[in-house]
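The values are calculated or read from the model by the stated rules, or taken from the named source; none is laboratory data. For clarity, every value in this text was computed on a predicted model and none was experimentally measured. Heads up, the Cβs are rebuilt from the backbone with ideal geometry, glycines too, and the neighbour counts pull from every protein chain shown.
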Amino acid sequence: MSRLTILICGKLYDGVHDELQENKRIFIRNGKIEEITESTEIPEGADVIDLSNTTVTPGMIDAHVHMDYRDWHNIRQEVYHTSEEMKTLAVLRCAQKALSHGFTSVRHMGNINAVGYGVIDVRNAINEGMFTGARIICAPMSLCTPGSHGDASQSYAGNFRAASLLQAMKPVCGSGSDFFVNAVREQVKYGADFIKIMATGGFFTPNDTPLQKQMNDAELEAVIRTAHELGTTVTAHVYAPDMMKTMLEMGIDGCEHGSLMDEETAQLFVDKGAYLVPTFCPYDEAVHYDPEKLKDKQPEFRAKLELYKDRLIAGRKVIVGSKIKLGYGTDFVANHQNYDSGWEYDAWMRSGMEPFRILKAATKTNAEILGIDAFTGTIEKGKNADISAWKRDLLNDSKALLDCAFVMKDGIVYPTEPSSDL
Ligand SMILES: [Zn+2]
């Protein structure tokens, strides 16, 4: 029988109960949680890790990451100035950094810079134990239409030769339901864990708007039906409420952002049991209006945040007040590095979200969204020992998730570091 490890918890949030439990110890053997006990007995030969000065939680999960870039300050230059291989290394570095920040699993939401499938190789290499890093669940590419938010060549539209060449580098960009049936099948063939689509325009692109519909009903229906036929799930980048309603009626599993949410659409999420990963951070300087911080952003992104400010504020209020099943995701491309996942905790707290709702989103609910809840997301007997611990007060300090004190994945302890811009 392999060695027993005992974690002595200061406080314990287990992902199941909305409370911080005291006097708990977690017994771990063979990478799994064997028991959660109040017994103070230490069996002979056990390794003891004293976390009595911390709050112990399930390993955190970030459900919206773009892993394939190195530094957000240069993200636009990296697209065409770094090799595919370097972008794959960036994915690996992101996974390693996420783990050291207390996030044991991340969901890659489509390449933002890479055009290949390096994320699949990194995912597999980590799962095989070739490298350490957060567990990756991924949609390698975001399916999209020409000129849409997912088509980076829209930035070069003034030079049609360059733009059409660049568009051709993205084989998941096209039109028509047959195209999308094929695209879903290819993503699954190459190892996608789920399907991501770009349903509306966005904030971070120069030539579209967040309310613009960028896929038609036949295309949406083709994606959702084909993905479900193949036993996988679909989520969409979307802002416009009517677009969310259309997709929810079609049976989409979840949505990302949803930042222009209204009451009627929020209720439909609840009725359909669909999830939303609201990614508060990218819009935070508009919602909690901060013109100084907005100055750091790329000009077109800044202009759209200013323009939609009031609707973003209203949408956030609806999301916070709703009963939607919420996942925790950061979507960092423009204000923090992609592994500084703890910033979303700060944004949710400052938006009036109840701390246990945030903690549940980042653990149990995210594990369900990623399809890994059978073995992680909560601290329960039989689950993998994916466990983090935090020095600061999770219930009152909005920066608490930026300061990881301890992290364990599958029963192995890894070094931690505080967030780079804490
Ligand atoms: Zn995103």
Considering only residues that are part of a helix (DSSP H, G or I) and among the acidic types (D, E), which ones fall in the range 223-256? E229, D242, E249
Identify the single condition in (1) under 30 Å from C404 (Cα atoms); (2) within 16 Å of the ligand (Cβ to nearest atom) that G150 does not satisfy, given that it satisfies every other one. (1)
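Could you tell me which residue of the range 174-208 is surrounded by the fewest Cβ atoms within 10 Å (Cβ to Cβ), considering only residues that are at pLDDT 95 or above and hydroxyl-bearing (S, T, Y)?
Narrowing the range 174-208 to residues at pLDDT 95 or above: 174-201.
With hydroxyl-bearing (S, T, Y) added as a condition, the list becomes 175, 177, 190, 200.
Numbers: S175: 14, S177: 18, Y190: 12, T200: 24.
Residue satisfying both the conditions and the ranking: Y190.
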How many residues are surrounded by 20 or more Cβ atoms within 10 Å (Cβ to Cβ) and either away from the ligand (no atom under 16 Å from the Cβ) or within 20 Å of D310 (Cα to Cα) (or both) if we restrict to the range 253-270? 10
Considering the range 140-191 alone, what residues qualify as being under 24 Å from the mean Cα position of the chain (by Cα), in a loop (DSSP other than H, G, I, E, B) and among the hydroxyl-bearing types (S, T, Y)? T145, S148, Y190
Taking the range 63-72, which residues are surrounded by fewer than 23 Cβ atoms within 10 Å (Cβ to Cβ) and under 21 Å from N384 (Cα atoms)? none
From (1) over 27 Å from L4 (Cα atoms); (2) more than 16 Å from the ligand (Cβ to nearest atom); (3) among the β-branched types (V, I, T), pick out the condition that doesn't hold for T55. (1)
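Restricting attention to the range 117-139, which residues are part of a loop (DSSP other than H, G, I, E, B) and of a type outside the set (V, I, T)?
Y117, E128, G129, M130, F131, G133, A134
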Only residues in the range 301-314 that are on the phi < 0 side of the Ramachandran plot count as the first member; pair them with residues that are among the hydroxyl-bearing types (S, T, Y) and assigned to a helix (DSSP H, G or I), Cβ under 8 angstrom, at least 6 apart or cross-chain, and list the lot. L305/Y283; L312/Y283
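Every residue, every condition in (1) within 16 Å of the ligand (Cβ to nearest atom); (2) touching a residue at least 12 places away in the same chain (Cβ under 8 Å); (3) within 23 Å of Y117 (Cα to Cα), yes or no:
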site	(1), (2), (3)
G202	yes, yes, no
D217	no, yes, no
A227	no, yes, yes
T232	no, yes, yes
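From the list G382, G329, which one is outside any helix (DSSP H, G or I) and under 20 Å from H108 (Cα atoms)?
Result: G329 is the single residue among G382, G329 that is outside any helix (DSSP H, G or I) and under 20 Å from H108 (Cα atoms).
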Reported set for the range 257-277 where residues are touching a residue at least 60 places away in the same chain (Cβ under 8 Å) and assigned to a strand (DSSP E or B) is H257, Y275, V277
Restricted to the range 96-120 and to residues being in contact (Cβ under 8 Å) with a residue 60 or more places away in the chain, surrounded by 21 or more Cβ atoms within 10 Å (Cβ to Cβ) and small (G, A, S), the residue nearest to the ligand (Cβ to nearest atom) is G110
What is the number of the single condition among (1) in a loop (DSSP other than H, G, I, E, B); (2) within 16 Å of the ligand (Cβ to nearest atom); (3) under 20 Å from the mean Cα position of the chain (by Cα) that R70 does not meet? (2)
Given (1) within 29 Å of G110 (Cβ to Cβ); (2) in contact with a strand residue (DSSP E or B) (Cβ under 7 Å, 6 or more places away or on another chain); (3) buried (at least 21 other Cβ atoms within 10 Å of the Cβ), number of the condition D410 does not satisfy: (3)
In the range 121-137, how many residues are touching an Asp or Glu at 6+ places or on another chain (Cβ under 9 Å) and either more than 16 Å from the ligand (Cβ to nearest atom) or within 20 Å of I75 (Cα to Cα) (or both)? 3
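Only one residue in L359, L326, L394, L305 is surrounded by 16 or more Cβ atoms within 10 Å (Cβ to Cβ) and outside the structural domain of H237 (by TED's automatic domain parsing), so which one is that? First the steps, then the outcome.
Working: L359 fails: outside the structural domain of H237 (by TED's automatic domain parsing); L326 fails: outside the structural domain of H237 (by TED's automatic domain parsing); L305 fails: outside the structural domain of H237 (by TED's automatic domain parsing).
It is L394.
For (1) more than 12 Å from M60 (Cβ to Cβ); (2) of a type in the set (K, R); (3) in contact (Cβ under 8 Å) with a residue 60 or more places away in the chain, each residue gets a yes or a no:
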| site | (1), (2), (3) |
| --- | --- |
| K317 | yes, yes, no |
| L326 | yes, no, no |
| Y339 | no, no, yes |
| A362 | no, no, yes |
| A367 | no, no, yes |
| W390 | no, no, yes |
| D393 | yes, no, yes |
Selection over the range 268-307 where residues are modelled with pLDDT under 95 and of a type outside the set (D, E) yields a count of 20
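Restricting attention to the range 36-62, and to residues there that are part of a loop (DSSP other than H, G, I, E, B) and not hydrophobic (A, V, I, L, M, F, W, C), which single residue is surrounded by the most Cβ atoms within 10 Å (Cβ to Cβ)? Before the answer, list the steps.
Filtering the range 36-62 down to residues part of a loop (DSSP other than H, G, I, E, B) leaves 38-46, 59.
From what is left, the residues that are not hydrophobic (A, V, I, L, M, F, W, C) are 38-41, 43-45, 59.
Details: E38: 9, S39: 11, T40: 8, E41: 8, P43: 9, E44: 5, G45: 8, G59: 27.
Ranking the candidates gives G59 first.
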Filter the range 278-299 down to residues that are part of a helix (DSSP H, G or I) and more than 16 Å from the ligand (Cβ to nearest atom), then give me how many there are. 8
